[in-house]
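The values are calculated or read from the model by the stated rules, or taken from the named source; none is laboratory data. Worth saying up front: this structure is predicted, and the values here are computed from it rather than measured. We place every Cβ from the backbone using ideal geometry, glycine too, and count neighbours over all the protein chains shown.
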């Protein structure tokens, strides 16, 4: 039997990645300490690895595909096949940012002020390419974690990854510039991508993962509406597309279905009821295939 070997990110993205796969229909099991989790698809084998090294193992063929941030692919300079973007994280659904940060009272105001300075970061390759692009020479040192505490005693500035900036502010740091935005990528080894069976399997997985993400924070609303109230009810319904309207067995009544953002449901259900909708049902969704 043919197998597809996929690397999943260990660390902060691990739980949300497992949850995304489950929503897509792939149930992963195994100890959180295991580097070889199992999945209920006999054609897939999983490996759990740090996202910082994922793209190197995919590029050299030890993995057929992997999931990691675009930033780590670029930091490694890996030549891999982009399969799809998966914009999700442990906290938000926004891309994360690599930012230059300094103490509030630092005189550093731009990248040019870094000339001759010392910078601490986990993304050494990212920072070195950014400095070279801007014609600035500075010392870039690898940080093994807790990067926020390296300034001002051990470094003049840091480049760190952030989603909201709250951790940096808590350490009295000021963001000077954004080096890049990064989001999660599903990517493949180019030889694996050239294999028709592996490519087909990867495309199916990508479709299901994307559909699971599309369904995040969306619900299906179903209701019955009389013919006289139908125009007003339709006006109230935000939708991915026009709502589905089907005639019921009782003359003059219709079943209405539509997908809406969960955040608006608490506002529009009372309005729909007031407009004459009856039997309103809210249903959670696992997948929305665009």
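Take residue 177 and tell me if it is under 30 Å from residue 208 (Cα atoms), within 24 Å of the chain's Cα centre (by Cα), touching a residue at least 24 places away in the same chain (Cβ under 8 Å) and not assigned by TED's automatic domain parsing to the domain that holds residue 9. Answer is no for this residue. Exactly one residue out of 219, 264, 289 is out of contact with any strand residue (DSSP E or B) (no Cβ under 8 Å at 6 or more places or on another chain), more than 30 Å from residue 98 (Cα to Cα) and in contact (Cβ under 8 Å) with a residue 60 or more places away in the chain: that is 289.
Note on the range 146-251: enclosed helices (runs of 4 or more DSSP H) holding 2 or more residues that are surrounded by 21 or more Cβ atoms within 10 Å (Cβ to Cβ) are 196-214.
Conditions (1) at pLDDT 95 or above; (2) assigned by TED's automatic domain parsing to the domain that holds residue 77; (3) under 11 Å from residue 100 (Cα atoms); (4) out of contact with any helix residue (DSSP H, G or I) (no Cβ under 9 Å at 6 or more places or on another chain), marked per residue:
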{"site": "139", "(1), (2), (3), (4)": "yes, no, no, yes"}
{"site": "142", "(1), (2), (3), (4)": "no, no, no, no"}
{"site": "152", "(1), (2), (3), (4)": "no, no, no, yes"}
{"site": "162", "(1), (2), (3), (4)": "no, no, yes, no"}
{"site": "166", "(1), (2), (3), (4)": "no, no, no, yes"}
{"site": "169", "(1), (2), (3), (4)": "no, no, no, yes"}
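Taken as a whole, the structure leaves residue 83 outside the set of residues that are in the same structural domain as residue 170 (by TED's automatic domain parsing), in contact with a strand residue (DSSP E or B) (Cβ under 7 Å, 6 or more places away or on another chain) and either at pLDDT 95 or above or farther than 30 Å from residue 20 by Cα (or both). Only one entry of 214, 189 meets the criterion of being under 21 Å from residue 56 (Cβ atoms) and touching a residue at least 12 places away in the same chain (Cβ under 8 Å), and that entry is 189. Applying the criterion of being part of a helix (DSSP H, G or I) and in contact with a helix residue (DSSP H, G or I) (Cβ under 6 Å, 6 or more places away or on another chain) to the residues of the range 1-42, the residue that is surrounded by the fewest Cβ atoms within 10 Å (Cβ to Cβ) is 23.
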